[in-house]
1. Using only Cα atoms, what is the ratio of the radius of gyration of the chain to 2.2 N^0.38 Å?
2. Counting helices only, and only those DSSP H runs with n ≥ 4, report the 222 nm mean residue ellipticity of the chain as the sum of -39,500 (n - 2.57) divided by its residues, in deg cm²/dmol to the nearest 500.
3. Tilt of helix 174-187 relative to the longest C-alpha principal axis of the chain, in degrees (0 to 90, nearest 10)?
4. Report, to the nearest 10°, how far helix 2-12 tilts away from the longest principal axis of the Cα atoms in the chain, using its own Cα long axis and a range of 0 to 90°.
5. Are there GluC sites (Glu not before Pro) in the stretch 103-203 that DSSP puts in a loop and that have at most 15 other Cβ atoms within 10 Å, and which ones?
6. If you put +1 on each Lys and Arg Cβ and -1 on each Asp and Glu Cβ, how big is the dipole of the chain around its Cα centre, in Debye rounded to 20?
7. At 1.4 Å probe size, put ARG130, ARG50 in order of accessible surface, largest to smallest.
8. Looking only at the chain, where both bridge partners belong to it, what percent of the DSSP beta bridges are antiparallel (to the nearest 5)?
Amino acid sequence: MAVTGWLESLRTAEKTALLQDGRRKVHYLFPDGKEMAEEYDEKTSELLVRKWRVKSALGAMGQWQLEVGEPAPLGAGNLGPELIKESNANPIFMRKDTKMSFQWRIRNLPYPKDVYSVYVDQKERCIIVRTTNKKYYKKFSIPDLDRHQLPLDDALLSFAHANCTLIISYQKPKEVVVAESELQKELKKVKTAHGNNGDCKTQ
C-alpha cells in the first residue's frame with residue numbers, strides 16, 4: 001500500500017530532533033540525499049512548517065523549498081541585489097494545516113465569495129482557484145496525496161472568505177490521518193536535543 005510505503009521511508013530516514021522555542025524540529029535525511037525539515041507545536045503536535053532541500057546535478061545543496069508554513073517576511077534577507085520587493089497588496093499564498101484538513105490561505109483577495117471558483121482538476125491532480133473577474137488564478141497540488149498515491153475528491157474540498165482572505169480546506173483522507181498518527185508515535189522514539197539560542201540542523 002502506498003501509504004505504508006511513504007511511512008516506511010520516513011521511518012528509515014536518518015532523523016535528528018531538537019526542542020526549541022516551544023517547537024519540536026525534526027530533520028530527515030533520505031538515502032537519495034533529499035532532506036526534509038518539519039516543525040511541530042510541542043503541545044499539540046500540529047505541523048507548523050515543512051520544507052525540502054535537494055542536491056543539484058553537481059551535488060551542491062539547493063535552497064529550502066517551503067511546502068507548509070508561513071513564507072519568510074519580505075525583506076528578511078531574501079531580497080536580490082536590485083532590492084526589489086513585492087507590494088504588500090499582492091496576494092500571499094500559504095499552507096497552514098489543521099489536524100483534520102489540509103488548509104491554504106490566500107491573503108489580500110478583497111473580492112466577495114461568489115467571485116471565486118475552487119475545484120479539483122483530476123487530470124492534473126491539482127486544485128484550481130479562479131475568479132470570475134479574471135483578477136486571480138492559482139493552481140496547486142497536494143504533495144501529501146501524491147506521496148500516498150491517493151486520489152483527489154471534490155467532495156472533500158471547501159472554501160470560505162473573510163477579512164480579504166480566501167481559506168481553502170481539503171479534508172484529510174482517513175489513510176493520511178492514520179499515517180500522521182503513526183508518524184507522531186515514531187517521532188517520540190527519536191532522541192531530542194534541547195536548544196535555547198542554538199540552531200537546529202533544520203535551519
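The values are calculated or read from the model by the stated rules, or taken from the named source; none is laboratory data. Please read these numbers as outputs of a predicted model, since none were measured by experiment. Note that we place each Cβ from the backbone using ideal geometry, even for glycine, and neighbour counts take in every protein chain shown. Side chains are part of the model used for accessible areas, which takes the heavy atoms of the whole protein and leaves out ligands, DNA and RNA. Shrake-Rupley method; radii C 1.70, N 1.55, O 1.52, S 1.80 Å.
1. Its radius of gyration relative to the 2.2 N^0.38 Å reference: 1.11.
2. Helices in the chain give a 222 nm mean residue ellipticity of -4500 deg cm²/dmol.
3. 30 degrees
4. Once rounded, the angle reads 40 degrees.
5. In loop regions of the stretch 103-203 (DSSP not H, G, I, E or B), the sparsely surrounded GluC sites (Glu not before Pro) are GLU124.
6. Computed charge dipole of the chain: roughly 160 debye.
7. Largest accessible area first, the list is ARG130, ARG50.
8. So the antiparallel bridges amount to about 95 percent of the total.
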